[in-house]
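Structure first, then comments.
No lab work stands behind these numbers, since they all come straight from the coordinates. Every value quoted in this text rests on a predicted model; they were computed, and no experiment measured them. Methodologically, a virtual Cβ is constructed for each residue, glycine included, from the backbone with ideal geometry; neighbour enumeration extends over all protein chains shown.
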C-alpha cells in the first residue's frame, strides 16, 4: 500500500513517550504523532490524551528521509477550509477574545505592565543611589 502526504488514515496507538505517541497505520508501517500535533490545546502529558491500544484517526503531514511518517491527530480532525478562508490562528482567536468579558491579558498588556514596573523600580534605585552619593559628597 502506498501512502502520501495528506492521506487521512485510521491507526492504533502502540506506544507513548514524553514527546508524542507512536501509531501503527498498516502492518509494518507506523509513525510518530508529536506532542504538538495531538490536540489544538496545550498538551503537557501525552497519556492524558491518548492510551496504548486506542484507535485514532491521523493525517500524514510528512515523510522524512528515513521513510518514517510524521502524523497529526489535530490535522485529521480539523475541518477542511475553503480557499477563500486562509488559515490564521489570530483571526480565529480574535472573536473569542471579544466575546469573553474576562479574557486573560494579552502579551502586549503584560509587556506594558512589565515595562511600567521596571521603570518604577529603576527610578527608585536611582533615587536611592543619588541620595547615597550625596551623603558621601557631604562628608
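What are the radius of gyration and Dmax of region 8-77, computed over its Cα atoms and given in Å?
Radius of gyration, then largest Cα-Cα span, for region 8-77: 10.8, 31 Å.
Given points 7 Å out from each Cα along the Cα-Cβ axis, report the residue 45 to residue 122 separation in nanometres with one decimal.
Output for this residue pair reads 4.2 nm.
Could you list 129, 66, 72 so that the one with the fewest beta carbons within 10 Å of its beta carbon is first and the one with the most is last? Numbers along the way, then the final one.
On the way: 129 10, 66 5, 72 20.
Listed from fewest to most nearby Cβ atoms, that is 66, 129, 72.
Would you mind ranking 111, 32 by Cβ crowding within 10 Å, fewest neighbours first?
On the way: 111 11, 32 19.
By the 10 Å Cβ count, ascending, the order reads 111, 32.
Starting from the 7 Å offset along Cα-to-Cβ, what nm value, one decimal, do you get for the label separation of residue 26 and residue 52?
2.6 nm
Roughly speaking, what is the centre-to-centre gap between region 110-139 and region 1-72 when only Cα atoms are used, to the nearest Å?
So the separation of the two Cα centres works out to 54 Å.
Sort 37, 108 by Cβ crowding within 10 Å, fewest neighbours at the top. Numbers along the way, then the final one.
Numbers: 37 20, 108 8.
Exposure proxy ranking, most exposed first: 108, 37.
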